[in-house]
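The structure appears below as structure tokens.
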Amino acid sequence: AVVVTGSGERNFSAGADLSRPAENAEAYMAERRAQFSASLLALLDFAKPVVAAVNGAACGAGMMIPLLCDAVVAADTARFSLPEINKGLPALPGVAIVANRFGAAMAADLVLSGRWMPAAEAHTRGVVREVVPFAGLAAAAQKLAASLAAHNAQAYAANKALLNRVLKAELAAAIRESASFHGHAR
């Protein structure tokens, strides 16, 4: 099993870097989007258990990562947001992920408002499996990862592949739409 977390106490991931270099900005942004998209799809394809230990803010692209993990444990101070709308950008991959995993109503709530969802609400809405004090986050995530890894690896991988099949197709389509929106269709 793998546990994914951020360093420090403030952020799991602040999301994509929206700054652009002075030269070749469009090519740079297209390559960054392609790399991130490949990472999202790789999380879905990874056969072993992946647990996110969300230690702080999980924002934008940084929220998408834990939502693609098999389970999420969050510190009580963690919070989640898909704030792209506040920057005038669509959150198309985020829409696909949240709608598939948690329903269209939650996707609309988060992507159309850009609001922050605290860990307690994320737990109530099924986004987070467990909320723990920050000091106990690593231990709780390791314990959950070990329990998931104790299952038969082939059965786990087969179940995960089937569970993720529709999401993978929807996410790939959303990634293409997002690239087209940004002028980087591939």
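The values are calculated or read from the model by the stated rules, or taken from the named source; none is laboratory data. Here the structure is a predicted model, which is why all the values come from computation and not from measurement. Cβ: placed from backbone, ideal geometry, glycine included. Neighbour counts: every protein chain shown. SASA here: full protein model, heavy atoms, side chains in, ligands and nucleic acids out. Shrake-Rupley method; radii C 1.70, N 1.55, O 1.52, S 1.80 Å.
Between the Cα long axis of helix 137-149 and the first principal axis of the chain there is an angle of about 80°, rounded to the nearest 10.
DSSP bridge analysis restricted to the chain gives an antiparallel fraction near 15%, rounded to the nearest 5. With protein chains left intact and a 1.4 Å probe, residues in the chain average 51 Å² of accessible area per residue.
Could you state the orientation-averaged shadow area of the convex hull built on the Cα atoms of the chain, in nm² to one decimal?
Values: hull surface 41.6 nm².
In nm², the orientation-averaged hull projection of the chain is 10.4.
In terms of the mean number of neighbouring beta-carbon atoms within 10 Å, the peptides 135-148, 83-96 order highest first as 83-96, 135-148. Remark on Phe12: its backbone amide H falls under 5 Å from those of Asn55, Gly56, Ala57, Ala58, a criterion applied only to residues 5 or more positions apart or on other chains, H modelled at 1.01 Å from N.
Listed by chain and number, the aspartates and glutamates placed with their C-alpha closer than 15 angstrom to that of Lys87 are Asp17; residues fewer than eight positions away on the same chain are left out. Under 27 Å of direct C-alpha separation, and excluding same-chain neighbours fewer than eight residues apart, Lys48 reaches these lysines: Lys143, Lys160, Lys168.
Give me the percent of accessible area attributable to carbon and sulfur for region 40-186, probe 1.4 angstrom.
Details: 4160 of 6780 Å².
Here it works out to 61 percent.
The packing ranking of peptides 72-79, 99-106, highest mean first, is 72-79, 99-106, where packing means the average number of other beta carbon atoms within 10 angstrom of each residue.
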